[in-house]
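Take a look at the structure below.
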Amino acid sequence: MKNILVQIILIVLSILVSNNILSQNIYFYAQINDNSLIPTKKSTTSVRSITFKSKNSKMNTMLLKYKPKVFKQAFPTAKTPLLRKVFYIECDDKRFEEELKSEFGNKIPLVEDLCKPELLSYTPNDYNPCQTNLDLIKTKDAYNYYKNLPKVPVALTDTYFETHEDLLYLDIWGNNSYVGSSHGTHVAGLIGAITDNNTGIASVGYDTKLVGSSNWGSDNEVLLLAQAGYRVINCSWKNACSYSSIQNLLYQEIKNDWNAVVVFAAGNKSCGGGGEYCYPASYPANISVTSVTHGNNPDWHEQTPGDPNSAYQHNDAVDICAPGYNLYTTDLMGSAGTSSGNYSSGWGTSYSAPQVAGVVGVIFTINPCLTADEAVNILLNSTDNSLYGKPENAPYIGLLGKGRLDIEAAVKAAVESATLYLENQTISNNQNYNANYAIKINNVTIQNNANIILKTRKEVDINSAFEVKLGSSLMVDVDINNTIDCQ
């Protein structure tokens, strides 16, 4: 009798576990090559009775059986033809995804898993007003190069964004939903809290304009922001734990066709452990950012040396690291925030990524004519790789990217890319010389009635070995608001 009872219990448990697995929310992409399989949403007044119908009887049978919640074109504005055939599907039954794979062959050649989007931060309730992260990445030494320049805006997809005393340059893209979540406000402050205003905190962006979308976790939202012209997009979230050729192709288009740099949090021991790949961070087109310590013991990957559980993501897809433990930033105003004030501290790669995104914005601010690839090269080639010499990081050699963010080095490299050198020349014809940051002249003679115009945004540096002959002229136009044509 006991054996029979045990068997019955095991059968019931098996059914419950099986049903629980099948009833979980499933998110995936599917490439549909046959238009007859594409369903349309039937009008309904009830969310619970959402129905879809296609022109294919087999597909209709599956739609009625599995009742997907969402079935829509994933990237309707994409340039890449394959991406326009991709559909985003949400369902509470894994078998729908499996049958789409097995039943339609080349008509649906790609079906690729996503997971429920996850924000990559953890925010405790303790308060820490010390911004030693900015000291570590050498922000103070970099400000003078760009603080007065018109800033290239940085976009971010996240949760709700607070109307905050230190985020006056934050604009909202679309609806500002998820009221009550402080994550978006935390991230925004690290990129662009207004600096030198006797209020709150400083930021890497100084007074960078921010554009916030609360539609976090959406690959298509990133595409739309890039298509709208935003050159830098921060994403402190993940939405997949496995490689998707569809996602990979999408982010290649965003970088190569729309010339945008997308910065992702690498993960917080996500997707099964610290060494695993999280997506979209781990695609080659994106910048994957993990965390190191700052303060008294800087540049450790593990917050507690010898404890791997105190570290976040580390793998060969990581590009760069930045401070990510105990970061002081903007919060929901008043008692609604994580702390009982307008600012609080947070942990996670969610907090590392926006510092990097802010620096990419600064690179474009100094030289708006850079391509996405050129800006990324400046960012990564300017890192401080001395962290690999620390014994505490011995287990992570090659897994923390090129090194730790160094904004001073990145800014100086950007300035160099935007500086024109006129040296050891005799100029006899009318010429216009333009540069986004500076023009430096050494041993130059202007003659034969030549008229020379120097146009830049920051400075013209002329040394003593310079001569304008009688009848020639030199006009210097230095204005931070000058627009320099990119050629």
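Read-outs throughout are calculated quantities, based only on the coordinates presented, and are distinct from any laboratory measurement. Note that the structure is a prediction, hence the values are computed from the model and not measured. Here the Cβ positions follow ideal geometry from the backbone for every residue, glycine too, while neighbour counts run over all protein chains shown.
Counting 0.36 nm for each residue step from Asp113 to Cys486 and taking away their Cα separation leaves a gain of 130.2 nm.
Taking a Cβ cut-off of under 13 Å around Lys440, the surrounding Lys, Arg, Asp and Glu residues balance to a net charge of -3, with basic ones at +1 and acidic ones at -1. Just to verify a number: FRET efficiency for Lys147 and Thr51, C-beta to C-beta distance, R0 = 51 Å, to 0.05? About 0.35, to the nearest 0.05.
Scalar couplings 3J(HN,Hα) for the stretch 309-323, obtained by applying the Karplus form with A = 6.51, B = -1.76, C = 1.60 to θ = phi - 60°, are 5, 8, 10, 9, 5, 8, 6, 7, 8, 5, 9, 6, 10, 8, x Hz; x denotes Gly and Pro. Computed from Cα positions, the angle between helix 57-66 and the longest principal axis of the chain comes to roughly 90 degrees.
Each DSSP beta bridge with both residues in the chain is either parallel or antiparallel, and the antiparallel ones are about 35%. What is the stretch 131-416 by shape, rounded, prolate or oblate, if you read a ≥ b ≥ c off the alpha carbon gyration tensor as root eigenvalues and call it rounded for a/c under 1.5, prolate for a/b larger than b/c, and oblate otherwise? Cα axes put the stretch 131-416 in the rounded bin. The dipole here belongs to the chain: it is taken about the Cα centre, uses +1 on the Cβ of Lys and Arg and -1 on the Cβ of Asp and Glu, and is about 1920 debye.
Ignoring aspartates and glutamates fewer than eight residues from Lys440 along the same chain, the ones with Cα atoms less than 15 angstrom from its Cα are Glu416, Glu423, Glu459, Asp461, Glu467, Asp477. Residues whose amide H lies under 5 Å from that of Leu170, counting only those 5 or more places away or on a different chain, are Leu210; hydrogens are built 1.01 Å from N in the peptide plane. Out of the stretch 75-124, which trypsin sites (Lys or Arg not before Pro) are coil in DSSP terms and have no more than 16 other C-beta atoms within 10 Å? Qualifying residues, ordered by number: Lys79. Near Cys115, the amide H atoms lying under 5 Å from its own belong to Ala240, Cys241; only residues 5 or more places off or on other chains count, and H is placed 1.01 Å from N. Applying the Karplus relation 6.51 cos²θ - 1.76 cosθ + 1.60 with θ = phi - 60° to the stretch 289-306 yields 3J(HN,Hα) values of 10, 10, 10, 9, 7, 9, x, 5, 10, x, 6, 8, 6, 7, 5, 10, x, x Hz, where x marks Gly and Pro. What separates the Cα centres of the stretch 263-306 and the stretch 159-204 is a distance of 23 Å.
Pairs of Cα atoms nearer than 8 Å and 6+ residues apart set the relative contact order; for the stretch 428-478 it is 41 percent. With θ taken as phi - 60° and the Karplus curve 6.51 cos²θ - 1.76 cosθ + 1.60 applied, the whole-hertz 3J(HN,Hα) list for the stretch 399-407 is 10, 10, x, 6, x, 8, 3, 9, 5 Hz, x standing for glycine and proline. About the centre of its Cα atoms, the stretch 131-416 shows a dipole size close to 80 debye [charges on the beta carbon of Lys, Arg (+1) and Asp, Glu (-1) only; nearest 20 debye].
Taking a sphere under 11 Å around the Cβ of Phe75 and counting the other residues whose Cβ falls inside, with K and R at +1 and D and E at -1, yields a net charge of +1.
Given Lys41/Lys255; Lys72/Lys116; Lys209/Lys402; Lys116/Lys402; Lys147/Lys209; Lys140/Lys238, which pairs have Cα atoms separated by over 22 Å? With Cα atoms farther than 22 Å apart: Lys41/Lys255; Lys209/Lys402; Lys116/Lys402; Lys140/Lys238. The residue among Ser282, Leu170, Gly306 whose Cα reaches farthest toward the positive pole of the charge dipole of the stretch 154-309, with charges on the beta-carbon of Lys, Arg, Asp and Glu, is Ser282.
Dividing the mean sequence gap of close Cα pairs (under 8 Å, 6+ apart) by how many residues the stretch 26-114 holds gives a relative contact order of 41 percent.
For the chain, the relative contact order is 13 percent, taking Cα pairs closer than 8 Å that sit 6 or more residues apart in sequence and dividing their mean separation by the residue count. Using a basic spin-label model with each label point 7 Å from the Cα along Cα→Cβ, how many nm lie between Asp316 and Asp196? Between Asp316 and Asp196, the simple spin-label model gives 4.5 nm. Here the stretch 26-114 is assigned +1 on the Cβ of each Lys and Arg and -1 on the Cβ of each Asp and Glu. Its dipole about the Cα centre then comes out at about 440 debye. Check cross-link reach from Lys65 to the aspartates and glutamates: straight Cα distance under 13 Å, and skip same-chain residues fewer than eight apart. In chain and number order, the partners are Asp92, Asp93, Glu97, Glu99. Applying 1/(1 + (r/R0)^6) with R0 = 51 Å to the Cβ-Cβ distance of Asn432 and Asp171 gives a FRET efficiency near 0.90. Think of the stretch 428-478 as a dipole: +1 on every Lys or Arg Cβ, -1 on every Asp or Glu Cβ, centred on the Cα centre; then among Ala450, Gly471, Ala438, Ala438 lies furthest on the positive end. Taking amide hydrogens as placed 1.01 Å from N in the peptide plane, the amide H of Asn449 sits under 5 Å from those of Ser472, each at least 5 positions away in sequence or on another chain. For helix 183-192, what angle does its Cα long axis make with the longest principal axis of the chain, in degrees from 0 to 90 and rounded to 10? Tilt relative to the chain: about 10 degrees.
For the stretch 238-300, what does the alpha-carbon gyration tensor say about shape, rounded, prolate or oblate, given a ≥ b ≥ c as the root eigenvalues, a/c under 1.5 as rounded, and a/b over b/c as prolate? Taking the square roots of the gyration eigenvalues as a ≥ b ≥ c, the stretch 238-300 is oblate. Compared with the dominant principal axis of the Cα atoms in the chain, helix 245-256 is inclined by about 20°. Say a site is exposed when it is one of the chymotrypsin sites (Phe, Trp or Tyr not before Pro), sits in a DSSP loop, and has at most 14 other Cβ atoms within 10 Å; what is then the longest site-free stretch of the chain? The longest such stretch corresponds to 244-487. For Gln247, neighbours were defined as the other residues whose beta-carbon sits under 14 Å from its Cβ, and their charges (Lys and Arg +1, Asp and Glu -1) total -3.
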